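Working notes, structure below.
The values are calculated or read from the model by the stated rules, or taken from the named source; none is laboratory data. For clarity, every value in this text was computed on a predicted model and none was experimentally measured. All Cβ positions, even for glycine, are placed from backbone atoms using ideal geometry, and neighbour counts span all protein chains on display. With ligands, DNA and RNA removed, areas are computed over all heavy atoms of the protein, side chains included. Shrake-Rupley method; radii C 1.70, N 1.55, O 1.52, S 1.80 Å.
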Amino acid sequence: MTPGRPSRLRGVRRLVPERTGFATGRTTRAVRRRGTQPKVVALGGGMGLSASLAALRRITGDLTAVVTVADDGGSSGRLRDELGVLPPGDLRKALAALCGDDEWGQTWARVIQHRFASEGDLHGHAVGNLLIVALWEQLGDHVEALEWVGRLLGAHGRVLPMSAVPLELQAKVRGLDPARPGAVTTVRGQATVALTRGEVQSVHLVPNDPPAVPEAVEAVLDADWVVLGPGSWFSSVIPHLLVPDLLDALVETKARRVLSLNLAPQPGETEGFSPQRHLEVLARHAPKLAFDVVLADEAAVPDRDSLTDAAERLGGAVELAPVASPDGLPRHDPELLAAAYDRIFRMHGRIGPWR
């Protein structure tokens, strides 16, 4: 089998790591030439989106992150409650992931991720959260303030909130009370949903018709590729599909769409979920949304036929690639994930001037 070429297995394409380029730790510079790079929009939140951005910034300089704003825990929740602002935590993580690998980028990434440890009110606050909120108050514009932070960090991309109003995530959960295993309870708050002990049936936002940030809608409509996931499925990935204008843009865009799956179920909200079940619950929340590619780590898919069937119902094909960190922890390796995205972009056709 020729390195870098896909192999087929019962409707599943396996992406074989190449002997050169991302899989060996060397970044391909050719794709960064002006006019030869795809416009990519990545949607999600938390560490899942950070993993995707750390990979995507290696293969394109035209990258936009659209970030969920329903977080209500930790430093973000405290700032949200005290000042009535958007929760800045996931926005901060996305900016840190877009920092370069040089000394400037890595120093600023550490600074904005730094958390104070004290006996006072600053305990637990992240420096980046305070910086973002300060610029929001100074400039009075969410998008402009995030662009200022991005310029300071030398970020390799743009970060946008999915909505300009703070959102509350609510979930319908079955079996939360062991004494009533069939009862469905409403759980409120992203932090609570992420750690729920019951089986999440569905999620919705309050307000239930939140406005999308116009720049986020424009970015999706203008993209060549849209990447959704990986990340906490109910609390970071699906919320993007609950913002009507953003969902309409995802359905209508001419971009090709990639759904990037997690390496393992998340304790709490998706405990016991198979890869195909992740697709099924997403489809229930956005039945009109189709995907061209479903990307999964080959070691995380025990039933490839079932995943293929679920992907086909979404209009897409399954691509399997080794994207997990070699240390055995359930996290994506940025170089391997970059290699997988790069090969998907090349093999599934190119759109726009970067052809």
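The residues neighbouring Thr270, those whose beta-carbon lies less than 12 Å from its own, together hold a net charge of -3 under the Lys/Arg +1, Asp/Glu -1 convention.
Beta-bridge orientation, the chain: approximately 40 percent antiparallel, per DSSP, counting only bridges with both partners inside.
Which one of Leu122, Pro210, Leu241 is farthest out on the positive end of the charge dipole of the chain, using unit charges on Cβ (Lys, Arg +1; Asp, Glu -1) and the Cα centre as origin? Sorting the options by dipole projection puts first Leu241. Pairs of Cα atoms nearer than 8 Å and 6+ residues apart set the relative contact order; for the chain it is 20 percent. Protein heavy-atom accessible surface, 1.4 Å probe, per residue over the chain: 43 Å². Residue order by solvent-accessible surface for His204, His348 is His204, His348, largest first, with ligands and nucleic acids left out and a 1.4 Å probe. Tell me whether the chain comes out rounded, prolate or oblate; compute the Cα gyration tensor, take square roots of the eigenvalues as a ≥ b ≥ c, and use a/c under 1.5 as the rounded threshold. Oblate, since a/c reaches 1.5 and b/c is not below a/b. Charge dipole of the chain (Cα centre as origin; +1 on each Lys and Arg Cβ, -1 on each Asp and Glu Cβ, all else neutral): 1400 debye, rounded to the nearest 20.
When shorter helices are ignored and each DSSP H run of at least 4 residues is given -39500 (n - 2.57), the per-residue value for the chain at 222 nm works out to -10500 deg cm²/dmol.
Among 263-276, 76-89, 229-242, the peptide with the highest mean count of other Cβ atoms within 10 Å heads the list, and the full ranking is 229-242, 76-89, 263-276.
What separates the Cα centres of the stretch 120-182 and the stretch 210-232 is a distance of 16 Å. Here the stretch 81-222 is treated with +1 on each Lys and Arg Cβ and -1 on each Asp and Glu Cβ, and its dipole about the Cα centre works out to around 680 debye. Packing-based ranking of 101-109, 175-183 yields 101-109, 175-183, ordered from highest to lowest mean Cβ neighbour count within 10 Å.
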